[in-house]
Amino acid sequence: MAVKLNKEYDLSRYVIILTGATDGIGKEMARILAGFNPKRLILPARNIEKGNNVLEYIRSSNGHANNVEIWEMDLADLQSVKNFANKFINEVGELHMLFNNAGIITNHQIIKTKDNLELQFQVNHLSPFLLTLLLLDTIKKSVSAELPGKIAFTSSSLNNSGEIDFDNLNLEKGAYMNPFKGYANTKLMNVIVSEKLSHIIQNENITTYSLHPGVIPTNIAHMNNGTILNFFTSIITKFIGITTEQGAVNVLYPVLSSENKETGKYYNEGIKDEPNKIANDQEVANKLWDVSEQILKDHGMI
């Protein structure tokens, strides 16, 4: 049975950041969150024009766009993420909810970012990890028992077929042979980071989540039009996919619901579920965290 949102949520005391809001479920999440009257809803966007289109979409849908802001940020550029975080800390200085929602899947090729990292690894894992690290102190200072914090990672049920190979963390070896495998690996990283973070910030009035929204026809793919992969993906989502609105609800429901007070849990279409068993391996989690931090240090980001 599909989960449903309470229409009476009041987010007027909450400052929220939502990534990946220019397409797919992120666009619907932005519309829904804006309707709950947040204190500020900041939508980082690589393409400002697409960001402004989301503002128009929100205005035409529910009229609640006065507290919504488009800020520039490119997850494929670590310095852009750091610049965004520094600007946010200096100009806003309070944060209660962080939705790391943006994600990408590439075609049968290795695509490098300007940071010389594989695109999926950086956009799906390393940049959200960096953004969360940089904003964590701000969240800690902003929240309380009466105004709890939330950090969410939009993952995927494909995390169950993912693996953590520390000899190929950057997905350069053979990723082009199976793009879904590389994507699955990064979605497993989301689950692991959420779970690990829950231990690091326990007793800080912050709850972490990793969430599978469901199978949805979105613009997540970084592919060439007309590829066989595109064809089969479109066929699959047509027959088993859900609407982008329901996908957005599936992500928001566990985070906004007062019933889900457990931290570090994984949700499948809004319902608590068990992720890949690797997510419970503390040795893997500790190493992924440390290696990710070291990559960011090597790039001068932390």
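The values are calculated or read from the model by the stated rules, or taken from the named source; none is laboratory data. Just so it is clear, the model here is predicted, and its values are computed rather than measured. Virtual Cβ from ideal backbone geometry, glycine too; neighbours counted across all protein chains shown.
Residue by residue, here is whether (1) at pLDDT 95 or above; (2) over 13 Å from F99 (Cβ atoms); (3) within 20 Å of the chain's Cα centre (by Cα); (4) crowded, with 22+ Cβ neighbours inside 10 Å holds:
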residue	(1), (2), (3), (4)
M1	no, yes, no, no
E8	no, yes, no, no
L18	yes, no, yes, yes
R31	yes, yes, yes, yes
N47	yes, yes, yes, no
E56	yes, yes, no, no
R59	yes, yes, no, no
H64	no, yes, no, no
E69	yes, yes, yes, no
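Conditions: (1) of a type outside the set (S, T, N, Q); (2) at pLDDT 95 or above; (3) out of contact with any strand residue (DSSP E or B) (no Cβ under 9 Å at 6 or more places or on another chain). R40 meets all but one. Number of the miss? Every condition holds for R40 apart from (3).
Restricting G300, G270, G264 to residues that are farther than 16 Å from L197 by Cβ, touching a strand residue (DSSP E or B) at 6+ places or on another chain (Cβ under 9 Å), at pLDDT 95 or above and not hydroxyl-bearing (S, T, Y) narrows the list to G270.
If a residue has to be under 18 Å from I105 (Cα atoms) and not small (G, A, S) to count, how many in segment 141-194 make the cut?
Initial filter on segment 141-194 (under 18 Å from I105 (Cα atoms)): 153-164, 168-191.
Then keep just the ones that are not small (G, A, S); that gives 153-154, 158-160, 163-164, 168-173, 176-181, 183, 185-191.
Count: 27.
Output the number of residues of segment 140-162 satisfying the condition of being in contact with a helix residue (DSSP H, G or I) (Cβ under 9 Å, 6 or more places away or on another chain) and under 20 Å from G264 (Cβ atoms). Please lay out each step first, then the result.
First, pick out the residues of segment 140-162 that are in contact with a helix residue (DSSP H, G or I) (Cβ under 9 Å, 6 or more places away or on another chain): 149-162.
Among the residues that remain, those that are also under 20 Å from G264 (Cβ atoms) are: 149-160, 162.
The qualifying residues number 13.
Looking only at residues of segment 168-211 that are surrounded by fewer than 24 Cβ atoms within 10 Å (Cβ to Cβ) and aromatic (F, W, Y), we find that the one that is farthest from V284 (Cα to Cα) is Y176.
If you take the residues in segment 118-166 that are part of a strand (DSSP E or B) and not hydrophobic (A, V, I, L, M, F, W, C), which one is nearest to K287 (Cα to Cα)?
Pass one, segment 118-166, residues part of a strand (DSSP E or B): 118, 149-154.
Applying the additional criterion that residues be not hydrophobic (A, V, I, L, M, F, W, C) yields 118, 149-150, 154.
On the way: E118: 19, G149: 26, K150: 24, T154: 22 Å.
That would be E118.
For residues that are part of a loop (DSSP other than H, G, I, E, B), of a type outside the set (G, A, S) and over 20 Å from the mean Cα position of the chain (by Cα), scanning just segment 84-110, find the one that is modelled with the highest pLDDT.
Step one: filter segment 84-110 for residues part of a loop (DSSP other than H, G, I, E, B), giving 92-96, 101-104, 107-110.
Next, only the ones that are of a type outside the set (G, A, S) stay: 92, 94-96, 101, 104, 107-110.
After this cut, where a residue has to be over 20 Å from the mean Cα position of the chain (by Cα) as well, the list is 92, 107-110.
Working: V92: 98, N107: 79, H108: 70, Q109: 79, I110: 85.
My answer is V92.
For first residues located in segment 273-295 and closer than 22 Å to L158 by Cβ, partners that are polar (S, T, N, Q) and assigned to a helix (DSSP H, G or I) and lie 6+ apart or on another chain with Cβ distances below 6 Å form the pairs P275/N159; N276/N159; N276/N160.
A count restricted to segment 1-52 and to residues that are among the polar types (S, T, N, Q) and touching a Ser or Thr at 6+ places or on another chain (Cβ under 7 Å) stands at 2. In segment 110-132, the residues that are of a type in the set (G, A, S) never reach a residue that is surrounded by fewer than 23 Cβ atoms within 10 Å (Cβ to Cβ) with C-beta atoms less than 6 angstrom apart, at least six apart or across chains.
For segment 1-75, please list each of the strands (runs of 3 or more DSSP E) lying entirely inside it that holds at least 2 residues being in contact with an Asp or Glu (Cβ under 7 Å, 6 or more places away or on another chain) and of a type in the set (A, V, I, L, M). It would help to see each step written out before you state the result.
Numbers: elements: 15-18, 40-45, 68-72.
Result: 40-45.
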